[in-house]
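The values are calculated or read from the model by the stated rules, or taken from the named source; none is laboratory data. Computed from a predicted structure; not experimentally measured. Heads up, the Cβs are rebuilt from the backbone with ideal geometry, glycines too, and the neighbour counts pull from every protein chain shown.
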């Protein structure tokens, strides 16, 4: 019977059943494709998480390098002063 209560011919019922079977097969194929896409998306999500961890680590490394750079300037000045004092002492000692 159709939606209006009319009797359907046998050939039409067979055609409807065939279309339902084809639709079921098509839906199963779509679901398999979606499952494969979900796996790919999970894989991509993991790779992006690793990439974000790397960038966060690099940001921390640049902070440390910035701190080292800030400390290196006064340390270089102190070492230069020591070298100049050593050279002056050596020159003064050599004059005597």
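Per-structure values
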| item | result |
| --- | --- |
| Criterion (surrounded by 10 or more Cβ atoms within 10 Å (Cβ to Cβ), at pLDDT 90 or above, over 42 Å from the mean Cα position of the chain (by Cα) and in a helix (DSSP H, G or I)) met by exactly one of 27, 85, 58 | 85 |
| Among the residues listed as 5, 33, the single one being part of a helix (DSSP H, G or I) and modelled with pLDDT under 90 | 33 |
